[in-house]
1. Just tell me which lysines come within less than 27 Å, Cα to Cα, of A:Lys41; anything on the same chain fewer than 8 places away is out.
2. For peptide B:171-181, how many partner chain Cβ atoms fall within 10 Å of a residue's Cβ, on average?
3. On average over all directions, what projected area in square nanometres does the range C:2-208 have, based on the convex hull of its Cα atoms?
4. Specify the residue with the greatest mean-square fluctuation among A:Ala43, A:Ala238, A:Ala164, computed from a Gaussian network of chain A linking alpha-carbon atoms under 10 Å apart.
5. Placing one identical point scatterer on every Cα of the range B:153-205 and ignoring solvent, what is log10 I(q)/I(0) from the Debye formula at q = 0.19, 0.30 Å⁻¹?
6. Compute the helix-to-body angle for B:199-211: its Cα long axis versus the longest principal axis of chain B, expressed 0 to 90° and rounded to tens.
7. By how many degrees, between 0 and 90 and to the nearest 10, does the Cα long axis of helix B:188-197 differ from the longest principal axis of chain B?
8. Can you find, among B:Leu179, C:Leu165, A:Val156, the residue farthest towards the positive end of the dipole of the protein assembly as shown? Put +1 on the C-beta of Lys and Arg, -1 on that of Asp and Glu.
Amino acid sequence: MNSFGYHIILLLFTALSLPAGNFAFAKDLEVCNTCAWTSIKQAVEAAEEGDRILVRSGIYYENSITINKKISLSGKGNPVIDAGKMNGIFTIDKTDSVLIEGFILRNVEVSYRKDFAAIKVFRSNYCIIRNNSIENAFFGIQLEKSDYTSVLENKVVGEAIKEASSGNAIHLWYCNNASIEGNYLQGHRDGIYFEFVSSSVIRNNRSTGNLRYGLHFMFSDNNLYQENTFSKNGAGVAVMYSKGIEMTGNLFSDNWGAAAYGLLLKDITDSSIRRNTFSGNTIGVHAEGSNRLQVEQNTWTRNGWAFKIMGSCDEVKITENNFISNTFEVSSGAARAGSNVFDGNYWSSYTGYDLDKDGSGDVPHRPVKLFSYLLEKSPHAIVLLRSMFTDLLELAEKVTPVLTPEFIKDENPSIKIIKW
Amino acid sequence: MNNSLKIIKYTFYDTLRSWWAILYFMFFLLVTGGLLYFSAGFTHSVASILNIILFIVPLVSIVFGIMYYYNSREFALLLMAQPLRRRQLFLGQYLGLAGSLSLSFLAGIGLVFLLFGSMEAIGLLLMLMFAGTVLSFIFTAVALWVGVQYEDRTKGFGIAILIWLFALVIYDGLFLAFLFVFEEYPLEKAATGFSILNPVDLARIMVMLRLESAALLGFTGAVFNKFFGTVSGIAVSGFAMLLWVFLPLQSFLRKAGNKDF
Amino acid sequence: MIRIENVEKSFRKLPVLKGVEVEMEKGKIYAFLGPNGSGKTTLLKSILGLVKPDKGAIYIAGQDIQKNWEYRRRIGYMPQIAHFPENLNVEELFRMIRDIREMKGDNEELVKYFQLEKHLKSPLKTLSGGMKQKVNAILALMFDPEILIFDEPSTGLDPVSHLKLKQLILRERDRGKTILITTHILSEVGELADEIIFLLDGKIFFQGTTEELLASQEEKNLERAIAKITDREEFEKLAKREQHTSAVSRLFHWVA
């Protein structure tokens, strides 16, 4: 047999044997009190590529389970794995296509030396983490240098009290093409943390009551996040040092505090913010160093400041948005025009008229109030909000503008709330 | 029946039937009613209603109070010649007066709420009612205190208006100036203190906290936040408000008690 | 009934009463006379407790009135100007004072006497000055107090009511009341007063009957006697010129 023939045979054999091996030899390993396996760790060690491990309900006191072969782990009837405050629980180590689903994972160790997680995915691609409930973990789900990972429908609820001793619910570092969908994240440092992550989707998650940010985004380009709810987080949502971000249909609400934002944009370029709702935040959107942003069809209601746009922003186009019942609509730190545009928005505080009935007011709307300008200089003056004195100042300023920037105005303020 | 209660009763009858009380009631009925009717809902117009309350309630209380004092001086002489402690007499007059002013205000705003309000705004309504009532009691006490200090009507009147203007506008102007002069320093405590010292500011902040807490609780940092947001802060504010009723009232009663008429 | 011992009072360091000593008994009418600033108003107000003396003591029915308020149950007071809460009616006013004094008081007879029946339901702001003055008199009398103090009771009253009031005062005297009156109508003094108490410069200059006063000044006429006391110098000039009628009566405007 010549070498060609040998190769053909080898190829054939390989082609036949690999799938055949999977179908023929893959087996289920059951874990429960009375099963052949009573320990998940032993079952994982005994398993071979392609095996399924089925864990029946019960409480398993185990930790540091390392998965280094292509297997699936499924909890049946909500089995609990309790790490007892020792180390993490699952680590997928340089192995692709691992599935972990249906577990309740508890009590991961809090450490200042090592980032222990309930589920850690390390240098492994195409893994799926779904339908798990993670309670009182240091880190919830941690992905490092892993691509095409799906994190779906998990519930990660921590009991973090201090930022320094708490980790993130979902933490991604150097990952691409991840899908983070339908998760519920609460009580951690950050709900979702992205650093050096690209081409990923964050959809339909609910991130609430986290100590720092509901979503924290750094150096992560070309990502999409939509239809998420971020509420009552310590500082709201921060998106920083990234470009090509699409933010669509999210709800940012009730983020209160001295440094709390619905959405903080820092050095963001070529991105869009569409159809989001910002409601009841101290600052709805705070943008600095951000360029070429499309801000369209969003609604701001009952925020302290709807939109703070700092002088370092350029080409931010704010069109067809609704600004309803905000204490302050727009605040601008710098007296520099920039090339930012406000056009065709609805402002509930607009006092002009529309005599020509074309749907937009006949006089421009100036959304920057004198008082908000004063607050930039002396934040404590906020206690004078709506006092007779500041109202008088406001009136005087309206008649003869001296301090408020002339250039921030909407030439075509919409008379009616914009619907889409 | 206690003698003060008797005086309260008749003062109440007398003032409640006066044109003032009816005008005052109608004013709140029409203005707040109008605001509510033309706006999207109770919560939306609360800020405007609050401003009206902060403006009108102290003004009417202080003007009506001092007018009442000067007009009833002769009758007070007759009453003082009756078997009655002076303190009871003047306390009764004060309570009857402040009570009827509060009642006009509460009836006006309450009726409007029944017509246009909704149950979810009841907390705000109660807050507004509380603020308006306490302001009525404070500024009526201030008015009587001014009256007993100055025999001369014109002088008393001028000083009463000045006090009103000071509490409403001038104080806040000075406050703002203070904040700007000392902007380099940490001012949370000073700002909190400043706002407690003026009952109009205090009333405004107590309502604002329910209304625009996003802005108020957010920006002024931990001290202010902690102070007005917590039970103890609310207790201190409430206590400060009561102190503002008590101080002018007590010095009015003391002065009236020892004065030669 | 009333004993005043060494009462002194200054207003802003200006002495008004400089040691007043006087005693008044039951069943007598005392007319208080004296020029403006002589201290008679202050003295009456001291008895009512409206003014607090700096020194001395006042006893009513043997009781020191200092820091006491119940003694006022024994006093009916009719101030010079009737000024009532505008929006109460006459009946409510009677009820109010009745409530305060915690006494039944009988106003029905007095109301009839002064012909006020029709006005019982009228708000006080609609009553004329004379009408208010009648209400004022009724308030003083209706509780049948042992001491009655009238401050210029004739002010604003029509002649008929004035006569009626005077009769009433005499009747009360005969019922054993102690009655104190200030007035500038000297005929009233002659008609009513059992004793005249003349204050001059913060002191009791004279206390006694009209006859005694006339005798002391060697005059036959009360006007002349009073003018003589009040301003001797001016009086003598006038007397010399024998032109007393018009000039003296002008002087009387500020007497009493």
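1. Output for A:Lys41: A:Lys27, A:Lys69, A:Lys70, A:Lys76, A:Lys85, A:Lys94, A:Lys114, A:Lys120, A:Lys145, A:Lys155.
2. Mean partner-chain Cβ count within 10 Å for B:171-181: 5.
3. 11.3 nm²
4. A:Ala164
5. Taken in order of the listed q values, log10 I(q)/I(0) reads -0.68, -1.13.
6. Its long axis makes an angle of about 40 degrees.
7. The answer is roughly 20 degrees.
8. The listed residue farthest towards the positive side: C:Leu165.
Values in this text are rule-based calculations from the coordinates and carry no lab data. Computed from a prediction, not measured in an experiment: that's the story for all the values here. Ideal geometry is used to build each Cβ from the backbone, glycine not excepted, and the neighbour counts take in all protein chains shown.
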